[in-house]
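**Q** Here it is: the structure, laid out below.
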Amino acid sequence: MTVDSPDAMQELGRRLARLLRPGDLVLLTGELGAGKTTLTRGLGEGLGVRGAVTSPTFVIARVHPSLTGGPALVHVDAYRLGGGLDEMEDLDLDASLPESVVVVEWGDDKVEELSDDRLHVVIARAVGHEEVLDDVREVSVRGIGARWADGSGLDALAGALSG
């Protein structure tokens with residue numbers, strides 16, 4: 001889908017949050033400045049968590065507890081981590097995952113082993129007529145595993161993406 005502004009990216013996060021439940025793993029892929037943290041900010045709003053959702057680049061991970069009795073949001077930035085799941089063990093993501101929604105920026109080839117079921121969101125800058133369109137992004141969301149493979153998971157995902 002095409003997302004034409006940071007506000008629209010945040011709204012996409014709010015819509016996706018309606019589908020998420022404790023134990024869900026979300027991997028975000030995209031270049032620097034693509035909108036991964038903006039999407040996560042929307043997820044946090046949709047989940048009703050405490051605290052401003054900002055990039056956890058320098059602290060690696062932030063936990064945002066729920067204000068509504070729902071799951072906490074664990075927001076991880078794996079950009080500076082190169083060793084895969086072994087290097088991430090200190091974060092105890094496997095202990096946090098059952099009762100939280102875990103969102104990992106730059107998590108490709110690093111955290112897939114945490115769960116057979118996950119959402120993989122890829123955000124790319126849109127290109128038109130040989131120029132990069134500043135705020136426009138192409139977003140693809142793919143559900144992996146049984147959680148998303150049954151009809152209800154895919155239907156809900158398609159509905160959330162379409163608005």
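The values are calculated or read from the model by the stated rules, or taken from the named source; none is laboratory data. In this text the structure is predicted, and so the values were computed from the model without any measurement. Positions of Cβ are backbone-derived with ideal geometry, glycine not excepted, and every protein chain shown enters the neighbour counts.
**Q** Of a type in the set (Gly, Ala, Ser) and either over 13 Å from the mean Cα position of the chain (by Cα) or more than 26 Å from Asp116 (Cα to Cα) (or both), is that true of Gly51? Explain how you work it out, then say what you get.
**A** On the way: of a type in the set (Gly, Ala, Ser): yes; either over 13 Å from the mean Cα position of the chain (by Cα) or more than 26 Å from Asp116 (Cα to Cα) (or both): yes.
Criteria met by Gly51.
**Q** I've got another one for you. Show the residue pairs meeting these rules: Cβ distance below 6 Å; 6+ apart or different chains; first residue within segment 16-34 and within 16 Å of Val104 (Cβ to Cβ); second residue part of a loop (DSSP other than H, G, I, E, B) and at pLDDT below 90.
**A** Filtered contacts from segment 16-34: Leu25/Ser115; Leu27/Gly107; Thr29/Asp108.
**Q** Within segment 27-45, does at least one residue satisfy the condition of being in contact with a Ser or Thr (Cβ under 6 Å, 6 or more places away or on another chain), of a type outside the set (Gly, Ala, Ser) and either in a loop (DSSP other than H, G, I, E, B) or over 20 Å from Glu112 (Cα atoms) (or both)? Spell out the reasoning first.
**A** Of the residues in segment 27-45, the ones in contact with a Ser or Thr (Cβ under 6 Å, 6 or more places away or on another chain) are 37.
If we keep only those that are of a type outside the set (Gly, Ala, Ser) as well, we get 37.
Now drop any that are not either in a loop (DSSP other than H, G, I, E, B) or over 20 Å from Glu112 (Cα atoms) (or both), which leaves none.
For segment 27-45, residues in contact with a Ser or Thr (Cβ under 6 Å, 6 or more places away or on another chain), of a type outside the set (Gly, Ala, Ser) and either in a loop (DSSP other than H, G, I, E, B) or over 20 Å from Glu112 (Cα atoms) (or both): absent.
**Q** I would also like to ask the following. Across segment 101-149, what is the total count of residues that are under 19 Å from Leu32 (Cβ atoms), part of a loop (DSSP other than H, G, I, E, B) and modelled with pLDDT of 85 or more?
**A** Result for segment 101-149: 1.
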